[in-house]
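As structure tokens, the structure follows; a few thoughts come after it.
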Protein chains: 2
Amino acid sequence: MKYILQDLKVNINNNIYLKDPESSTLGKKIVEFSILLIDEIGFDSFTFKKLGVKIGSNESSIYRYFENKHKLLLYLTSWYWGWLEYQLVFTTNSISDAKEKLTKAIEIITRTTKEDSSFSHINEILLNKIVINEYSKSYLTKEVDSENKDGYFSIYKRLVNRIKDMIKEVDGDYKYPTSLASTVTEGALHQHFLKDHFSSLTDCDEKITPTTYFINLVFNSLNNQKND
Amino acid sequence: MKYILQDLKVNINNNIYLKDPESSTLGKKIVEFSILLIDEIGFDSFTFKKLGVKIGSNESSIYRYFENKHKLLLYLTSWYWGWLEYQLVFTTNSISDAKEKLTKAIEIITRTTKEDSSFSHINEILLNKIVINEYSKSYLTKEVDSENKDGYFSIYKRLVNRIKDMIKEVDGDYKYPTSLASTVTEGALHQHFLKDHFSSLTDCDEKITPTTYFINLVFNSLNNQKND
DNA sequence: TAAGTATTAATAGTAATACTATTATTTTTG
DNA sequence: CAAAAATAATAGTATTACTATTAATACTTA
């Protein structure tokens with residue numbers, strides 16, 4: 001797995017960036033250190049000026065890669081969802097049993113990222129934390145509709161769709177497969193956040209993981225006579 | 001109901017504001033027009049300067065009520081959750097049947113606000129939209145923990161707790177009542193957002209409401225032998 | 001290898017944001 | 001009516017979020 005993901009190049013909508021950050025050393029440094037800096041000070045306080053200082057580059061050089069920090073966030077989160085999607089497809093591909101397949105899928109999208117593929121410049125553990133803390137900000141904007149039209153969220157949408165399809169495979173009669181898929185995907189981020197900051201609003205802790213909770217939630221709804 | 005809510009004064013943690021906006025005409029204008037302006041241009045573009053122009057007051061006068069726009073958002077959303085809580089308690093109080101009570105509660109927290117109590121200066125329809133679009137931004141910050149400690153989110157937490165209690169009343173053996181309560185509360189906002197901006201990620205539309213979906217979701221999990 | 005072309009860095013500058021401080025004016029209230 | 005409180009006006013600051021221009025460096029190919 002590690003060795004296959006090694007050469008992974010996530011395909012990101014090329015309108016998100018001005019110049020492909022994968023195409024140069026500076027570009028990779030921008031991506032690498034923006035993850036460290038956003039994790040450190042939060043997206044709201046993050047600026048290209050501060051990033052420039054961190055990487056010993058000029059602010060204006062960063063602007064040649066990304067129009068603004070919002071686009072950079074879209075880039076990072078798209079990369080994350082693409083990376084998760086890859087794991088999802090790779091891991092579940094060979095599973096023929098629908099229930100087992102869905103279980104595995106939920107595991108992947110609800111777990112905490114614990115391993116960082118040290119060879120690449122992207123720290124997946126920190127990126128996972130950034131997605132938990134900042135992803136909502138990428139779409140809770142006045143520009144969502146036009147950015148959505150431009151395909152900036154397509155990787156995320158494709159991922160949710162894959163889960164929806166797996167839900168349908170388990171129970172073709174269930175009425176809300178799409179909402180359930182989006183609830184799990186977004187809800188997982190939320191439960192992780194609550195676990196870290198509002199422990200009184202979640203049952204998740206060291207023992208009970210969001211994975212346990214969501215597997216239970218999903219399978220309670222599927223093939224349930226209450227539904228028919 | 002209308003007439004009882006009329007005199008409602010939501011009790012908001014007084015560290016959120018510098019001076020109680022309910023205590024003066026200017027304060028009420030700040031609240032009233034900030035709702036209109038945030039709805040219009042979004043919280044990210046909203047500034048005290050723009051609000052000042054809108055209400056014909058000086059920027060610096062607004063700063064005497066709220067430290068910054070983040071605190072104002074905390075105020076508005078706290079008001080909203082307090083208002084919802086009031087409706088929840090008022091409506092479910094007299095219901096003795098646990099299932100019926102929970103059903104009603106889910107209805108209240110997942111429905112779209114459609115009526116505005118025209119007597120007050122607060123437009124609840126727009127405030128509901130603001131909560132859908134901006135609430136996450138109030139807690140996805142580096143300051144969450146200290147602000148949480150200061151009680152800035154206590155109304156929201158109390159609301160989620162009430163739902164948790166109702167879930168427990170229906171099924172004392174269900175293992176994740178708190179997570180389920182927070183999933184419904186936050187998930188409802190999310191499904192409304194998806195309905196408006198990412199229709200491919202939800203089954204909710206004009207016919208199927210988030211209420212329908214979440215009532216189904218919750219009751220599939222409760223008193224379900226799959227759980228035991 | 002020289003010349004041309006990208007790329008990046010450095011510098012400077014702008015409009016807007018997010019405030020703070022001071023003083024003047026108006027309103028409230030005792 | 002006088003004092004106190006509230007509000008408005010003005011000015012100012014540091015930072016943000018950029019844009020534009022020019023200089024320096026590296027890379028490429030005739």
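The values are calculated or read from the model by the stated rules, or taken from the named source; none is laboratory data. Small disclaimer: the values here were computed from a predicted structure and weren't measured. Cβ coordinates were reconstructed from backbone atoms using ideal geometry, including for glycine residues, and neighbour counts include every protein chain displayed. Each accessible area value is taken on the protein alone, full model and side chains, heavy atoms only, with ligands, DNA and RNA left out. Shrake-Rupley method; radii C 1.70, N 1.55, O 1.52, S 1.80 Å.
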If A:Ile41 satisfies every condition in (1) within 14 Å of DNA strand D (Cβ to nearest atom); (2) under 16 Å from the mean Cα position of the chain (by Cα); (3) within 14 Å of chain B (Cβ to nearest Cβ) but one, which is the exception? (2)
In the list B:Val160, B:Val184, B:Val89, B:Val131, which residue meets the criterion of being of a type in the set (A, V, I, L, M) and more than 14 Å from every other protein chain (Cβ to nearest Cβ)? B:Val89
From the list B:Glu124, B:Glu206, which residue is at pLDDT below 95 and open to solvent by 50 Å² or more (accessible area, probe 1.4 Å)? B:Glu206
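Residue-by-condition table, conditions (1) within 9 Å of DNA strand C (Cβ to nearest atom); (2) modelled with pLDDT under 90; (3) over 24 Å from A:Lys142 (Cβ atoms):
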| position | (1), (2), (3) |
| --- | --- |
| B:Gly27 | no, no, yes |
| B:Val31 | no, no, no |
| B:Ile35 | no, no, no |
| B:Ile38 | no, no, no |
| B:Tyr63 | yes, no, yes |
Result of the Cβ filter at 9 Å on segment A:8-19, keeping first residues that are touching a residue at least 24 places away in the same chain (Cβ under 8 Å) and partners that are among the β-branched types (Val, Ile, Thr) and surrounded by 17 or more Cβ atoms within 10 Å (Cβ to Cβ), at least 6 apart or interchain, is A:Val10/A:Ile155; A:Asn11/A:Ile155; A:Ile12/A:Ile155; A:Asn13/A:Ile155
Kindly check whether there is at least one residue in segment B:83-92 that is under 14 Å from the mean Cα position of the chain (by Cα) and within 18 Å of B:Lys28 (Cβ to Cβ). yes
What tally of residues in segment B:141-153 results from selecting those that are surrounded by fewer than 22 Cβ atoms within 10 Å (Cβ to Cβ) and closer than 19 Å to A:Lys195 by Cβ? 9
Residue hits (segment A:59-85; within 14 Å of chain B (Cβ to nearest Cβ) and either among the polar types (S, T, N, Q) or more than 8 Å from DNA strand D (Cβ to nearest atom) (or both)) are A:Asn68, A:Leu73, A:Thr77, A:Trp81
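Hey, can you tell me all the residues within segment B:163-176 that are within 8 Å of chain A (Cβ to nearest Cβ) and surrounded by fewer than 23 Cβ atoms within 10 Å (Cβ to Cβ)? Walk me through it before giving the result.
Going through segment B:163-176, the residues within 8 Å of chain A (Cβ to nearest Cβ) turn out to be B:175-176.
Across segment B:163-176, the qualifying residue is only B:Lys175.
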Quick check on this structure: which one of B:Val31, B:Val89 is within 16 Å of DNA strand D (Cβ to nearest atom) and aliphatic (A, V, I, L, M)? B:Val31
In segment B:47-58, anything under 27 Å from the mean Cα position of the chain (by Cα) and either open to solvent by 40 Å² or more (accessible area, probe 1.4 Å) or near DNA strand D (Cβ under 7 Å from one of its atoms) (or both) is listed as B:Thr47, B:Lys49, B:Lys50, B:Lys54
Contact list, first residue from segment B:50-70 and without any contact (Cβ under 8 Å) to a residue 24 or more places away in the chain, second anywhere and of a type in the set (D, E, K, R) and more than 7 Å from DNA strand D (Cβ to nearest atom), beta-carbon distance below 6 Å, six or more apart or interchain, is B:Glu59/B:Lys49
